[in-house]
Amino acid sequence: MQELQHEERQRRAAHPELALRLAIADLVSGCARQYYADHALSDDLARLDAAHALLDAPGQYHSGTRFETASLETVGLLVAAIHPRRDDAIDLDAEDELRREVVDVPSRTILGRSDQESPGELLCWNEATCLLESVTVPFRCASAVSGLGFLGAPDRFGLIDPMVDLARRYEAAPDERGKLDDEIRESATTFVEWFAAERGLVRGAE
């Protein structure tokens, strides 16, 4: 695992043009996991700051897809919803309100809805689509999606359980990682096609 984390840090350092898309990928998946109380709210506020600071950064990679456009819009909408009230976050009620915004805004903006099923589906859609747009790498996708299995998210589209197995094999069998990369991409592609058809979403260029 430490080797894979080191490789991820090296990849980020070697591809500064991906900084914005990676920051948004981190933000959206973090917001989705916030529904499950997986980590502190302050973690996602820090991710929002990082993504917001990069919005106008030069030389960034853009895919021009509707998914990317919605992801970029998410940053601005979260900033508008949260920044005026961040000083109130020490109050528990105010913090709960901020948490609801953190969970709901990305789902409404990217999926067009916010309900009990949307956080898990948003994380899957975000991670699978970022992989297919060459923003992230296969193990990142498998690891992030497999985490939902331990958080009790329903696997309505048959992606979480396969990713749990693929992530486990990826860590245990370094010699098989090339083959596993292909399997992860195949699973992500199948999910994106099924999910887009089911939810009426369009990922491609506008």
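Observations on the model:
- Filtered by the rule that a residue be among the acidic types (Asp, Glu) and under 17 Å from Leu45 (Cβ atoms), region 94-116 gives Glu95, Asp96, Glu97, Glu101, Asp104.
- Residue that is nearest to the chain's Cα centre (by Cα) [pool: residues in region 127-150 that are under 15 Å from Phe191 (Cα atoms) and polar (S, T, N, Q)]: Thr129
- Where a residue in region 19-48 is small (Gly, Ala, Ser) and its partner, wherever it lies, is open to solvent by 40 Å² or more (accessible area, probe 1.4 Å) and assigned to a helix (DSSP H, G or I), with Cβ under 6 Å and at least six apart: Ala23/Ala50; Gly30/Arg47
- For beta carbons closer than 6 Å, sequence separation of 6+ or different chains, a first residue in region 65-79 that is open to solvent by 40 Å² or more (accessible area, probe 1.4 Å) and a second that is assigned to a helix (DSSP H, G or I) and aliphatic (A, V, I, L, M), the qualifying pairs are Leu77/Val105.
- Selected residue (only one of Val202, Val145 is within 12 Å of Trp125 (Cα to Cα), β-branched (Val, Ile, Thr) and open to solvent by less than 50 Å² (accessible area, probe 1.4 Å)): Val145
- Remark: pairs (first residue in region 83-94, among the aliphatic types (A, V, I, L, M); second residue in a helix (DSSP H, G or I) and modelled with pLDDT under 70; Cβ separation under 6 Å; 6+ apart in sequence or on different chains) = Ala94/Asp88.
- Those residues of region 7-22 which are more than 12 Å from Thr136 (Cβ to Cβ), among the aliphatic types (A, V, I, L, M) and surrounded by fewer than 22 Cβ atoms within 10 Å (Cβ to Cβ), in sequence order: Ala13, Ala14, Ala19
- Checked against the criterion of being under 21 Å from Gly200 (Cα atoms) and open to solvent by 30 Å² or more (accessible area, probe 1.4 Å), the candidates Asp91, Asp115, Asp56 yield just one match: Asp115.
- Summed over region 17-68, the residues that are closer than 21 Å to Pro119 by Cβ and hydroxyl-bearing (Ser, Thr, Tyr) give a count of 4.
- Residue check, Asp96 outside any helix (DSSP H, G or I) and open to solvent by 10 Å² or more (accessible area, probe 1.4 Å): no
- Whenever a residue of region 123-140 is free of Cβ contacts under 8 Å to residues at least 40 places away in the same chain and surrounded by 23 or more Cβ atoms within 10 Å (Cβ to Cβ), it has no partner that is among the hydroxyl-bearing types (Ser, Thr, Tyr) and not in a loop (DSSP other than H, G, I, E, B) lying with C-beta atoms less than 8 angstrom away and at least six residues away or across chains.
- Ser134 more than 18 Å from Leu201 (Cα to Cα) and either in contact with a Leu (Cβ under 9 Å, 6 or more places away or on another chain) or acidic (Asp, Glu) (or both): yes
The values are calculated or read from the model by the stated rules, or taken from the named source; none is laboratory data. Just so you know, these numbers come straight off a predicted model, no measurement behind them. Glycine gets a Cβ as well: all are built from the backbone with ideal geometry, and neighbour counts include every protein chain shown. Side chains included, ligands, DNA and RNA excluded: accessible areas come from the protein's heavy atoms. Shrake-Rupley method; radii C 1.70, N 1.55, O 1.52, S 1.80 Å.
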